[in-house]
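Chemist: Quick one: the structure is below, and I'll ask about it shortly.
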Amino acid sequence: MTNTSAFDAPLTIDPDAVLVVIDVQKGFEEYAVWGERDNPEAEQRIGELIEVWQATGRPIVVVQHSAPGSPLEPGTPGYELKDFVAAVEPALHITKTVNSAFYGTPDLHAWLQERGARQVVTTGIITNVCVETTCRMAGNLGYDAVFPVDAMHAFDLTGPDGVTVPAAELARATVTVLHAMQFAKVVTTAAVAEAAKTGGPAVVSWS
C-alpha cells in the first residue's frame, strides 16, 4: 500500500475535533515497574494540546485505565490522573480495562456518533499500546485519526528472545506503521496547535 495525498497533505483540525487524552496517570511514574521511557517532553506537549483545545472550545475526552494488581490499581495513588490532566473538565470521562478507549465506559464510539464528530486526535500513554490501539480503532471506524507523536511516550520492552527494544525504537516502529499503512495522520504537536488555533492548514515539520 502506498501513501496517498490525504496522509501527506497539510494538516487541518476540525472545529469540533475531539482530543482523546489517554491514561496520563501517576502510576506510570513507577519506572522500576515499567522500565525506561522516551520523550521526556511528552507531558509538556500533552499539556499544550489541552490548552489549545480549552482555548478554542473543542471537546476533550479523558481516559483512565483500571488495572488491579498494577501501579494503575483503582483506589491507589497510581490510578490518579497526573495533576495537569486531573484539572481538566472533560466532555467525557472514560474508564477502561483494555488497551482501546473504544472498549471503555461510557461508549466512545456512540458518543462521537451522537456528536457527529469525524476527527479524533489521540495523545497520552503508552505510545505503542493504548494510544496506538485507540488510534488504529479510530481509523478503522472511519474517523480521521490524528497521532501527534511527540505528545506521548513509550517504555522499553523485552521480546520473547530476551532482547530489550528501547522505547524510542518502539515509538518509531509504531509511527512508521500508522503512517505507511494509512491508519492515521502522524503529525507533531506544533502542527496540531497551529491548525487548531488558525483554522487553516499547517505543514508538519520534522526538523
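Chemist: Please work out the ratio of the alpha-carbon Rg of the stretch 18-198 to 2.2 N^0.38 Å and round it to two decimals. Could the numbers behind the result be given before it?
Modeler: Working: Rg = 15.3 Å, N = 181, 2.2 N^0.38 = 15.9 Å.
Here the answer is 0.97, to two decimals.
Chemist: Moving on. Could you give the C-alpha radius of gyration of the stretch 105-152 expressed as a fraction of 2.2 N^0.38 Å, taking N as the number of residues it contains?
Modeler: Numbers: Rg = 10.7 Å, N = 48, 2.2 N^0.38 = 9.6 Å.
For the stretch 105-152, the normalised Cα radius of gyration comes out at 1.11.
Chemist: Among residues other than T188 whose Cβ falls under 12 Å from its Cβ, what is the net charge (Lys/Arg +1, Asp/Glu -1)?
Modeler: Details: positive: R45, K185; negative: E41, E48, D150, E194.
The answer is -2.
Chemist: Right, another one. Over the chain, with a Gaussian network built from C-alpha contacts below 10 Å, which listed residue (A173, A190, A17) shows the highest mean-square fluctuation?
Modeler: In the Gaussian network model the winner is A173.
Chemist: Turning to a different aspect of this structure: Would you calculate the separation in nanometres between label points at S70 and T158, each defined as 7 Å from the Cα along the Cα-to-beta-carbon direction?
Modeler: For the pair S70/T158, the computed spacing is 1.8 nm.
Chemist: Something else now. Hey, can you rank 81-91, 115-125, 178-188 by average C-beta count inside 10 Å, highest first?
Modeler: Details: 81-91: 15.0, 115-125: 21.8, 178-188: 19.7.
Taking the mean over residues of other Cβ atoms within 10 Å, the ranking is 115-125, 178-188, 81-91.
Chemist: From the phi of every residue in the stretch 115-122, what ³J(HN,Hα) in whole Hz does the Karplus formula 6.51 cos²θ - 1.76 cosθ + 1.60 yield, where θ is phi - 60° and glycine or proline is x?
Modeler: Here the 3J(HN,Hα) series is 7, x, 6, 10, 10, 10, 10, 9 Hz.
Chemist: Continuing with this model, one more query. Straight-line reach from K96: which aspartates and glutamates have Cα under 17 Å away, leaving out those fewer than 8 places along the same chain?
Modeler: Of all the aspartates and glutamates, those that pass the test against K96 - Cα under 17 Å, at least 8 places apart if same chain - are D23, E73, E80, D107, E132.
Chemist: Find out how many positive minus negative residues lie around D14, taking Lys and Arg as positive, Asp and Glu as negative, among other residues whose Cβ is under 15 Å from that of D14. Walk me through the numbers before you get to the answer.
Modeler: Numbers: positive: R58, R115, R118, K185, K197; negative: D16, D144, E194.
Its environment carries a net charge of +2.
Chemist: Straight-line reach from K185: which lysines fall under 24 Å, measuring Cα to Cα and dropping same-chain residues less than 8 apart?
Modeler: Hits, sequence-local ones excluded: K197.
Chemist: Excluding L81 itself, what net charge comes from residues whose Cβ is under 11 Å from its Cβ, given Lys and Arg +1 and Asp and Glu -1? Spell out each step's value before the answer.
Modeler: Working: positive: K26, K82; negative: D23, E80, D83.
Once positives and negatives cancel, what remains is -1.
Chemist: If you don't mind, there's one more thing I want to ask. Calculate, in nm to one decimal, what R118 and W206 gain on full extension: separation in residues at 0.36 nm each, minus their alpha carbon distance. Before the final figure, lay out each step's value.
Modeler: Numbers: separation 88, 0.36 × 88 = 31.68 nm, distance 2.58 nm.
Length gained between R118 and W206: 29.1 nm.
Chemist: Would you order D16, D23 from fewest to most other beta-carbon atoms within 10 Å of each residue's own beta-carbon? Spell out each step's value before the answer.
Modeler: Numbers: D16 14, D23 26.
Final ranking by Cβ density, sparse to dense: D16, D23.
None of the figures in this text is laboratory data; all of them are computed from the coordinates on show. Computed from a predicted structure; not experimentally measured. Cβ coordinates were reconstructed from backbone atoms using ideal geometry, including for glycine residues, and neighbour counts include every protein chain displayed.
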